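Peer 1: This is the structure I have questions about; it appears just below.
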Amino acid sequence: MFITFEGGEGAGKSTQARLLAESMTAAGSTVLRTREPGGAPGAEVLRGLLLSREHDWSPPAEVYLHFAARAEHVARTIQPALARGAIVISDRFADSTMAYQGYGLGADRNLIAALSRLLPVRPDLTVVLEVSPAVAADRMAGRRQALDRYEAMGPAFHARVAEGFAAIVAAEPDRCAVVSADGGMNDVHRAVLAVIASRRPSPA
Ligand code: TMP
């Protein structure tokens, strides 16, 4: 099973991916938790290039860089783990390219959709964490690190990203589930577990 977490900045995806991985591990599953951009050594190098504020990529180059990182992540990390029977939980995947580059930056959405269709794996379930702008801003203000290139983009960009995630959920309701992420982390975790329980294919 391949599960992805998606959403805008300050939604708490990394925390929720970790809590879900811990719950599933405690329940006896073998779980691999990973992230994008990154999740494999070469892909982590590309992450540095993509998040650094030193570079200003043209939108198509940025799309290809995310997909280059993703190709490496899929081939080196995700496919081997799925082949071993592990549950893979990824903090972001191809929907982030559609939302951030396609909707946020205005990159060619047909190109992104075509590259996504060519991937050899597709999430079985995507949890889209939805956070209100005020809560997201509060959470971001509490972070100590300097803002990366995407975090530094303005509120209009992040509103377009949120619109992108909403469009993805509307287009693929069977794969995607929206969970409100405004509450405390344990409440959000319980809501995520409820979604997993309701969507998980029953054993044959
Ligand atoms: P985060 O996952 O730690 O929030 O940081 C990753 C950043 O990269 C986040 O701002 C979203 C952005 N991103 C894209 O713009 N496109 C993508 O395809 C992916 C995976 C991430």
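Peer 1: Going through the stretch 1-102, which GluC sites (Glu not before Pro) have at most 11 other Cβ atoms within 10 Å and a DSSP loop state?
Peer 2: Those that pass, being in a loop and sparsely packed, are GLU54.
Peer 1: While we're on this one: Provide Rg over Rh for the stretch 2-199; use the alpha carbon set for both Rg and the Kirkwood Rh (inverse mean inverse pair distance).
Peer 2: 0.93
Peer 1: Right, something else. How high is the relative contact order of the stretch 2-199? Use alpha-carbon pairs under 8 Å, at least six apart in sequence, and give a whole percent.
Peer 2: Computed over the stretch 2-199, the figure is 33 percent.
Peer 1: With +1 on each Lys and Arg Cβ and -1 on each Asp and Glu Cβ, how big is the dipole of the chain about its Cα centre, in debye rounded to the nearest 20?
Peer 2: On the way: 22 positive and 22 negative charges, 103 e Å.
Rounded to the nearest 20 debye, it is 500 debye.
Peer 1: Let me ask something additional. For n ≥ 4 DSSP H runs only, could you compute -39500 (n - 2.57) per run for the chain, divide by its residues and tell me the 222 nm figure to the nearest 500?
Peer 2: Result for the chain, helices only: -14500 deg cm²/dmol.
Peer 1: Given the options PHE165, VAL192, GLY85, identify the residue whose Cα lies farthest towards the positive end of the charge dipole of the stretch 2-199 (+1 on Cβ of Lys, Arg; -1 on Cβ of Asp, Glu).
Peer 2: GLY85
Peer 1: First check a/c for the stretch 91-131, with a ≥ b ≥ c the square roots of the eigenvalues of its C-alpha gyration tensor; if it is under 1.5, answer rounded, and if not, answer prolate when a/b is larger than b/c or oblate otherwise.
Peer 2: The shape class here is oblate.
Peer 1: May I pose another question? Modelled label-to-label distance, ARG117 and GLN145, 7 Å Cα→beta-carbon offset: nm?
Peer 2: 3.5
Peer 1: Okay, next question. Just to confirm a number: summing +1 for Lys and Arg and -1 for Asp and Glu over residues other than ARG175 whose beta-carbon lies under 12 angstrom from that of ARG175, what do you get?
Peer 2: Local charge sum for ARG175: -3.
Rule-based calculations on the coordinates, nothing more; no lab input. As the structure is a prediction and not an experimental result, all values here were calculated from the model. Here Cβ is always computed from backbone atoms with ideal geometry, including for glycine, and neighbour counts include all displayed protein chains.
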